[in-house]
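Chemist: Once you've had a glance at the structure underneath, I'll fire off some questions.
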Amino acid sequence: MTAPIVVGVDGSASALAAVKWAAEEAARHRVPLKLVHAFLLPTRGYPEIVLTGHEVREAFEQQGSRWVDEAAAAARAAVPEVEVETAVVIDRPAAALIAASDGARLVVLGSQGLGGFSGLLAGSVAVAVTAHGKCPVVVVRDEIRRDGPVVVGVDGSPTSEEAIAYAFAEASLLGAPLTAVIAWTDFLVDSAYHSRFTVDWSQVEDEQLRLLAERLAGWQEKYPDVHVDRVVVHDRPVRALLDAAKDARLLVVGSHGQGGFTGMLLGSTSQALVYHAPCPLAVVRATAADK
């Protein structure tokens, strides 16, 4: 059975943007699209004299069905040939999508659901699924670019290697250039005293460019059609990647990099990008063999 692309649906505009992005991705990969809405029954706020438990459940199921039907119609309007499956389940949304990620090709989420606060760029469900998902997870902003490069963050960690593989495959499929970014910060100090450190930046840049070339070499051979720009930045990874992704169509990172602690499921750079990335963000985990 072909692994589907799973999308979380909650009736929000952000979720519909994610559905449309995922429909195009499913068509490119020739895989089905699975739209999932999950809800929990409320434990208070519905006096028994007004509504019974069965009526509450029925109301929530009907609302969820309307939302997934609307999302399915939006997916088919965007990509008529896409195969769409829908599911409405009783569970915590994050738990349902994490479970669905086991066996999925990809999980796609909107950056903010109906339960979000004004000005919050990423909802709690997006953060949880990105941290615990069993497959790559993409968080989609409402504005989607169909041009620009694919940008990938590189740091030499196992998840970074997986991110590079994912980014090359996507760039090739999209016919897009790839920008590979490595940020060097070991001697960068945000204080008035940083001048006491003497750093030969030209030597550092040469060393990092060599490292970048080594990391990319095998993938450039596998995907000769992908034009690659190599970028070394003297900055913190988050700022470097946010700047590189301003005009990107997709930003790809590993779930945690070299600086992560053992057992950490989502590194500080990846988590910050979930909140602030200006374009769709793909967070890729290491395979079991790499861990």
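The values are calculated or read from the model by the stated rules, or taken from the named source; none is laboratory data. Predicted, not measured: the structure shown is a model, and the values here were computed from it. All Cβ positions, glycine included, derive from the backbone under ideal geometry; neighbour counts span all protein chains shown. Each accessible area value is taken on the protein alone, full model and side chains, heavy atoms only, with ligands, DNA and RNA left out. Shrake-Rupley method; radii C 1.70, N 1.55, O 1.52, S 1.80 Å.
Chemist: Search region 1-26 for residues being of a type in the set (Ser, Thr, Tyr) and outside any helix (DSSP H, G or I), and hand back the single one that is surrounded by the most Cβ atoms within 10 Å (Cβ to Cβ).
Modeler: If we take residues in region 1-26 being of a type in the set (Ser, Thr, Tyr) and outside any helix (DSSP H, G or I), then SER12 is surrounded by the most Cβ atoms within 10 Å (Cβ to Cβ).
Chemist: Determine which single condition VAL189 fails, assuming it passes every other condition in (1) at pLDDT 85 or above; (2) open to solvent by 40 Å² or more (accessible area, probe 1.4 Å); (3) not charged (D, E, K, R).
Modeler: (1)
Chemist: If you take the residues of region 240-270 that are modelled with pLDDT of 85 or more and open to solvent by 60 Å² or more (accessible area, probe 1.4 Å), which of them is farthest from ALA128 (Cα to Cα)?
Modeler: Only one residue tops the list, namely ASP247.
Chemist: Another question, if that's okay. Name, by its number, the condition in (1) surrounded by fewer than 21 Cβ atoms within 10 Å (Cβ to Cβ); (2) in contact with a strand residue (DSSP E or B) (Cβ under 6 Å, 6 or more places away or on another chain); (3) modelled with pLDDT of 95 or more; (4) farther than 30 Å from ALA171 by Cβ that does not hold for ASP91.
Modeler: Status for ASP91: all satisfied but (3).
Chemist: Moving on. Going by the conditions given, is ALA104 in a helix (DSSP H, G or I), within 26 Å of VAL137 (Cβ to Cβ) and modelled with pLDDT of 95 or more?
Modeler: no
Chemist: Which pairs do you get when a residue that is closer than 23 Å to ALA87 by Cβ, found in region 43-69, comes within reach of a residue that is modelled with pLDDT of 60 or more and charged (D, E, K, R), reach meaning Cβ atoms under 9 angstrom, with the pair 6+ apart or on two chains?
Modeler: That search, which allows pairs on different chains as well, returns GLY64/ASP10; TRP67/ASP10.
Chemist: Exactly one of (1) open to solvent by 60 Å² or more (accessible area, probe 1.4 Å); (2) modelled with pLDDT under 90 is unmet by LYS134. Its number?
Modeler: Here LYS134 clears every test but (2).
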